[in-house]
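All of the numbers you see were taken from the coordinates with simple rules; none came from a lab. The structure presented is a predicted model; accordingly, all values stated were derived computationally and were not measured. In this analysis, Cβ positions are derived from the backbone assuming ideal geometry, glycine residues included, and neighbour counts consider all displayed protein chains.
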Amino acid sequence: MSTDPQNSTRTRPATLQKRTEILKAAVEIFGNKGSTNGTLADVAEQVGMTHAGVLHHFGSKQNLLLEVLAYRDQADVAELDEKHIPGGAELFLHLVRTAFVNAHRPGIVQSYTVLSAESITDDHPARDFFEERYTTLRREITEAFTELCSEEGVADRSAVSAASAAILAVMDGLQLQWLLHPEIIELGESTEFAIRAMVNGVLHPGPELSSYSREC
């Protein structure tokens, strides 16, 4: 049986809209309950669908989990021309801007934080996603540092690898603290301070911490 192209064109926007509604509901459900306790039935109820209806759009709970993570990353670059994070010094500014944006979307941040923590457990469906994500981001941040060091004439680049991993760790750690104490932690400002300190630490390394110690 052939499909009417005009009919497909008409229904596609509605399908995409429904998928987005499901993803937004899943962000909230998995963010509040985790991927184990949050169920497809919870998601279906929130969007006024049946369990089978959610499966029709995503196939399985595992697929929905992965789509939630992809939705979060797509939201980070939605306003960029190439739909991809920039390189060079602009990358560090993008990371800071992302933190300020995240301060206004706690559901996505909570879902990401819960799923990233759960991904270290055995056979978790998001394990590969996070391994690849961190590998890619470390590489891109390292490349940004390398480019910046070349522009600034920095010969000693021994701290680049550690700084690249530390930036990601600080960003994720601050998100966790902010979720626990949003009235205390300023997510954007704290992230900006940390990234600025680490970039400056690579470009203009200061004295070793041991130099600040005082003998009794």
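Got a sec to turn the phi values of segment 174-191 into Karplus ³J(HN,Hα) couplings, 6.51 cos²θ - 1.76 cosθ + 1.60 with θ = phi - 60°, whole Hz, x for Gly and Pro?
For segment 174-191, the Karplus-derived couplings read 5, 4, 5, 4, 5, 4, 7, 9, x, 7, 10, 8, 8, 4, x, 5, 5, 5 Hz, x marking Gly and Pro.
Sort TYR71, TYR134, TYR212, TYR112 by Cβ crowding within 10 Å, fewest neighbours at the top.
Ranking TYR71, TYR134, TYR212, TYR112 by Cβ neighbours within 10 Å, fewest first, gives TYR212, TYR134, TYR71, TYR112.
How are the alpha carbon pair distances in segment 37-83 distributed across 5 Å bins from zero to the largest one, expressed in percent?
Final binned percentages: 5, 21, 23, 19, 13, 11, 7, 1.
Multiplying the sequence separation of ARG139 and HIS181 by 0.36 nm and subtracting their Cα-Cα distance, what value in nm do you get?
This chain segment gains 12.0 nm when fully extended.
What lysines does LYS33 reach when the alpha-carbon gap must be under 27 Å and sequence neighbours fewer than 8 apart in one chain are set aside?
LYS18, LYS24, LYS61
Quick one: go through segment 160-204 and flag any residue whose amide nitrogen is under 16 Å from the point 7 Å out along the Cα-to-Cβ line of HIS104.
Only 187-189 pass the distance filter.
Where Rh denotes the Kirkwood radius from the mean inverse Cα pair distance, what is Rg over Rh for the chain?
1.07
About the Cα centre, and with charges only on the beta carbon of Lys, Arg (+1) and Asp, Glu (-1), how big is the dipole of the chain? Nearest 20 debye, please.
680
For the residues VAL27, VAL154, what sequence is obtained by ranking on other C-beta atoms within 10 Å, fewest first?
Arranged by neighbour count, lowest to highest, VAL27, VAL154 become VAL154, VAL27.
Which length gain, in nm to one decimal place, applies between ALA165 and THR15 when the Cα-Cα distance is subtracted from 0.36 nm times their residue separation?
50.1 nm is the gain from fully extending ALA165 to THR15.
In the chain, if the dipole is taken from +1 on Lys/Arg beta carbons and -1 on Asp/Glu beta carbons about the Cα centre, which of VAL202, THR121, LEU148 is farthest to the positive end?
Sorting the options by dipole projection puts first THR121.
To the nearest 20 debye, what charge dipole does segment 128-216 have about its Cα centre, counting +1 at the Cβ of each Lys and Arg and -1 at the Cβ of each Asp and Glu?
The dipole magnitude comes to about 200 debye.
Could you tell me how far the Cα centroid of segment 137-216 sits from the Cα centroid of segment 105-125, in Å?
23
Once you've got the GNM for the chain with C-alpha springs shorter than 10 Å, pick whichever of SER116, SER158, SER35 has the biggest mean-square fluctuation.
SER158
Contour minus end-to-end for ASP156 and ASP122, with contour as 0.36 nm per residue of separation and end-to-end as the Cα-Cα distance?
8.3 nm
Hey, fewest Cβ within 10 Å first, where do GLU189, GLU82, GLU152 land in order?
GLU82, GLU152, GLU189
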